[in-house]
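Working notes for the structure below.
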Amino acid sequence: TTIIHTSTPKNLKLFITGTSTEVGKTYVTQLLLQALGKLGLSAAGFKPIACGERTDAEELAACSFPAPPSIDLVNPVFFKNPAAPMAASLIEATQADIPAIKSAYGTITEQYEYVLVEGIGGWEVPIRADYSMSDLAADLNLPVLVVVDNRLGAINHTILTVNAIKAKGLKLAGI
């Protein structure tokens, strides 16, 4: 079944979150980017924060069309430690640069018609003590797609995530 077709709205921006980490956010984002690319549409993946490695960001860059000029545009904040962003930043004695994320997002949205923003971990993963992934999605004011893996507890995790998205005043684009 094709979920993206020629009547896809222009300038679509979407925030892709998950009910947890390792639920398939990158896989779903890649599928969407590939579908847009097959239609010849300008589409990019954006991974605001990566921790431990940049594999997800590199995979999104590889599926973007046309190819982005640098990995730093696709992934402006990278922590070497494989931990939640706030923990990684504490270990590395730094903070996630939220203005740099917003600036890179502004740049990528000027260069691509479709931008798919992939969060890290789940909806409420802390980026700083006073700022979470959900705050970033709210600041970007994007509709949210929730990726859920099929395992015990998925219904509860999905309901909690959807309710939290609605509480932020954001539109749920789908599950």
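Could you tell me the relative contact order of the stretch 101-158? Use alpha-carbon pairs under 8 Å, at least six residues apart, and round to a whole percent.
18
Under 18 Å between alpha carbons, and skipping anything fewer than 8 positions from LYS13 in its own chain: which aspartates and glutamates qualify?
The reachable aspartates and glutamates, counting only those whose Cα sits under 18 Å from LYS13, are GLU110, GLU113, GLU118, ASP135, ASP139.
Can you give me the relative contact order of the chain as a percent, contacts being Cα pairs under 8 Å and 6 or more apart?
29
Pop the C-beta distance of LYS38 and ILE175 into the FRET formula with R0 = 25 Å and round what comes out to the nearest 0.05.
Working from the Cβ atoms, E equals 0.60.
Leaving out ligands, DNA and RNA, and with a 1.4 Å probe, what % of the accessible surface on the chain is carbon or sulfur?
55
Could you work out how far apart the two model spin labels at TYR27 and ILE71 are, taking each label as a point 7 Å from the Cα in the direction of the beta carbon, and quote it in nm?
So the label points at TYR27 and ILE71 sit 2.3 nm apart.
Reachable lysines from LYS80, Cα under 18 Å, same-chain residues fewer than 8 places away excluded?
LYS47
Accessible area per residue of the stretch 1-118 at 1.4 Å probe, in Å²?
48
What residue among ILE155, ILE101, ILE71 has the largest mean-square fluctuation in a Gaussian network model of the chain, using Cα springs under 10 Å?
With Cα springs under 10 Å in the chain, the top fluctuation among ILE155, ILE101, ILE71 is at ILE155.
Choose one of SER132, VAL147, VAL117: the residue whose Cα lies farthest towards the positive end of the charge dipole of the stretch 108-153 (beta-carbon charges +1 Lys, Arg; -1 Asp, Glu; about the Cα centre).
VAL147
Once the Cα atoms of the stretch 97-175 are picked out, what are the Rg and Dmax in Å?
Every Cα atom of the stretch 97-175 included, Rg and Dmax give 13.4, 41 Å.
Counting only helical runs of four or more DSSP H residues, what would the 222 nm mean residue ellipticity of the chain come to if each run contributes -39,500 (n - 2.57) and the total is spread over all its residues?
About -11500 deg cm²/dmol.
For TYR131, enumerate residues with amide H under 5 Å from its amide H, sequence gap 5+ or separate chain, H modeled in the peptide plane.
none
Could you pull out which residues in the stretch 31-59 have an amide N less than 16 Å from a spot 7 Å beyond the Cα of ARG128, following the Cα-Cβ vector?
Within reach of a label on ARG128, which here means backbone N under 16 Å from a point 7 Å along Cα→Cβ, the stretch 31-59 contributes 49.
Please identify the GluC sites (Glu not before Pro) of the stretch 1-106 that satisfy two criteria: DSSP loop assignment and at most 14 other Cβ atoms within 10 Å. Which are they?
GLU22, GLU53, GLU92
What is the set of long-range amide H partners of PHE79 at a cut-off below 5 Å, with H atoms built 1.01 Å from backbone N?
Here the answer is ALA50, CYS51, GLY52, since their amide H atoms fall under 5 Å of that of PHE79.
About the Cα centre of the stretch 98-161, what is the dipole size in debye to 20, counting +1 per Lys and Arg Cβ and -1 per Asp and Glu Cβ, all else neutral?
The calculation lands at about 140 debye.
Just to confirm the filter: which trypsin sites (Lys or Arg not before Pro) across the stretch 50-158 are DSSP coil and have at most 16 other Cβ within 10 angstrom of their Cβ?
Of the trypsin sites (Lys or Arg not before Pro), the ones in loops of the stretch 50-158 whose Cβ has at most 16 other Cβ atoms within 10 Å are LYS80, ARG151.
The values are calculated or read from the model by the stated rules, or taken from the named source; none is laboratory data. Since the model is a prediction, treat every value here as computed from it, not as a measurement. Because the Cβ atoms are built from the backbone with ideal geometry, glycine has one as well, and the counts that use them run over all protein chains shown. For accessibility, only protein heavy atoms count, side chains too; no ligands or nucleic acids. Shrake-Rupley method; radii C 1.70, N 1.55, O 1.52, S 1.80 Å.
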